[in-house]
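Undergrad: This is the structure, below, for whatever I ask next.
The values are calculated or read from the model by the stated rules, or taken from the named source; none is laboratory data. All figures in this text were calculated on a predicted structure; none of them were measured in a lab. Neighbour counts are summed over all protein chains in view; Cβ atoms, including those assigned to glycine, are modelled from backbone coordinates with ideal geometry.
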Amino acid sequence: MADAERRAAVLVVDDEQEMCDLLVDFLGRAGYEAEGARGGSEGLEKVRNGDFDVVVTDLRMRDGDGMELLQGVKADRPDLPVIIVTAFGSIDRAIEAMKAGAFYFVTKPFKMREMEALVAKAVEQRRLVQENRRLRREVGDRFGIQQLIGRSKAMREVFRLVELVADSMSNVLILGDSGTGKELVARAVHFGGRRAHGPFVPVNCSAIPEGLLESELFGHTRGAFTGAYTARRGLFAEASGGTLFLDEIGDLGMALQAKLLRVLQDREVRPVGSSKSAPVDCRIIAATHRDLKTAVREGTFREDLYYRLSVIPIRLPSLAERVEDIPMLVDHFLKSFAGRTSTEPRRLTPRAMDALMRRPWEGNVRELENIVERLVVLTNGDVIDEDDLPALGPGEANGTPWPAGGPLPPLREVERRYILHVLAETGGNKERAARILGINRRTLYRQRERWADRGEP
Ligand SMILES: Nc1ncnc2c1ncn2[C@@H]1O[C@H](COP(=O)(O)OP(=O)(O)OP(=O)(O)O)[C@@H](O)[C@H]1O
Ligand SMILES: [Mg+2]
């Protein structure tokens, strides 16, 4: 790191010339880039125009005192550490300075060694803070909205919503079929928002047995139940200052739905076995592939919870609704697999790309990603052609819009899948799709609106 090689710069502010020179001289010999300023206003001026790593300032000065300088520094360069030097009599003011964000205070007279150690500590802390910020920025790039590929109208609407909600603290509900990118969007909302520096804690509500989920979410005291040998903080507590991502919320049992609702209403959690509640300080993002509105109508999902969670709903389109994004996605995956194996990315012939665009995508982006990975692993040479594509599964190949051997779906589901299938076949061309389906375009639109109302893609 270039920064580590550069000598750390210290600004010494003191209106007593002699004291100022002495410190500048000493720190210079200790290996720092040291510079003096004769009072608070000159000090602040230098801070604003310079690139210092630490400020050492006297507290009582004639021209703009140390307290004012500290406040100015904190307003302008919040992570520039300030060490306050104070006469023995003014400890109270030094404590005040600590409260205002000073790094440390030293009383006069002090030993030069003591000052050197403090400056070194301050430099170290500043480096850590900066390193942390850099890592966070990197993490933001890795998981933020930049990771969401797509230019279709449907995806542009998703981007708009993600940006809109990222900065708010409202609960967000993400709806979409399996593999449409719900978790990716949840991360983009978190890492694009004000709480990006806080933790992102995902929990899959369908993967944890109902009996365990409560203590997992809310925590438990020691001995709260058989096997609870130690107390445990819940995921709500772990997500404090960040985001709790409740994945597959549609699979949450009724009893837990009631408890979750209470937590969201009161904004506090009570660990299992405890009589004390703790405040909740995290944002909730929930996701499900289920049709929650129907679940509400059928009485398997609480309506009040539904409305609490879906303050801002984001519906992810199925891949069939955005076939025009397939080439971009394929490119993205080809590049990312090439990056992993440090090889040149493969290319697809136009014919192969065309075939991918006309496939039914039951498993949406995840299925596309898997197929691209398979192609990269299983084919040799730089170019992938149509013949390299894996054959369609039995149900898909004979054109039935349901998978062979699986449970038989209700008619409306078959209808929905068939419509999506035809949309995929026509490359998302609604006019042609409507003609093939033998319905008019407006009926097709209305049908899709009805799905949207039910939160289905
Ligand atoms: N718009 C997109 N751009 C790039 N990659 C995407 C996009 N959408 C999804 N993916 C990728 O597809 C895979 C599935 O996405 P994700 O896990 O977010 O979907 P999901 O909706 O949560 O699926 P499930 O319902 O199965 O849990 C991931 O590897 C993700 O990186
Ligand atoms: Mg998921």
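Undergrad: Report every pair of residues separated by at least 6 positions or lying on different chains whose Cβ atoms are under 6 Å apart, first residue within segment 150-168 and assigned by TED's automatic domain parsing to the domain that holds Leu184, second part of a loop (DSSP other than H, G, I, E, B) and at pLDDT 95 or above.
TA: Qualifying pairs under 6 Å: Ala154/Pro317.
Undergrad: Could you pull out the residue among His220, His190 that is within 16 Å of ligand 1 (Cβ to nearest atom), touching a strand residue (DSSP E or B) at 6+ places or on another chain (Cβ under 7 Å) and either in the same structural domain as Arg133 (by TED's automatic domain parsing) or not aliphatic (A, V, I, L, M) (or both)? If you could, list the steps in order and put the result at the bottom.
TA: Values: His220 fails: within 16 Å of ligand 1 (Cβ to nearest atom).
Unique residue meeting the criteria: His190.
Undergrad: Continuing with the same structure: How many residues are of a type in the set (A, V, I, L, M, F, W, C) and either within 16 Å of ligand 1 (Cβ to nearest atom) or over 25 Å from the mean Cα position of the chain (by Cα) (or both) if we restrict to segment 258-283?
TA: 2
Undergrad: Same structure again: Considering each residue of segment 236-283, count those that are within 16 Å of ligand 2 (Cβ to nearest atom) and on the phi < 0 side of the Ramachandran plot, and give that number.
TA: Within segment 236-283, residues that are within 16 Å of ligand 2 (Cβ to nearest atom) and on the phi < 0 side of the Ramachandran plot number 9.
Undergrad: Does segment 295-311 include one or more residues that are at pLDDT 95 or above, within 16 Å of ligand 1 (Cβ to nearest atom), surrounded by fewer than 23 Cβ atoms within 10 Å (Cβ to Cβ) and outside any helix (DSSP H, G or I)?
TA: The answer is no; no qualifying residue exists.
Undergrad: Inspect all residues belonging to segment 230-244 and state whether any of them is assigned to a helix (DSSP H, G or I) and surrounded by fewer than 18 Cβ atoms within 10 Å (Cβ to Cβ).
TA: Yes, some residue in segment 230-244 is assigned to a helix (DSSP H, G or I) and surrounded by fewer than 18 Cβ atoms within 10 Å (Cβ to Cβ).
Undergrad: Here's a follow-up. With (1) within 16 Å of ligand 1 (Cβ to nearest atom); (2) in contact with a Gly (Cβ under 6 Å, 6 or more places away or on another chain) as the list, and Gly250 as the residue in question, which single condition is left unmet?
TA: (2)
Undergrad: Which condition breaks for Arg374 when tested against (1) among the basic types (Lys, Arg); (2) surrounded by 15 or more Cβ atoms within 10 Å (Cβ to Cβ); (3) not assigned by TED's automatic domain parsing to the domain that holds Phe225?
TA: (2)
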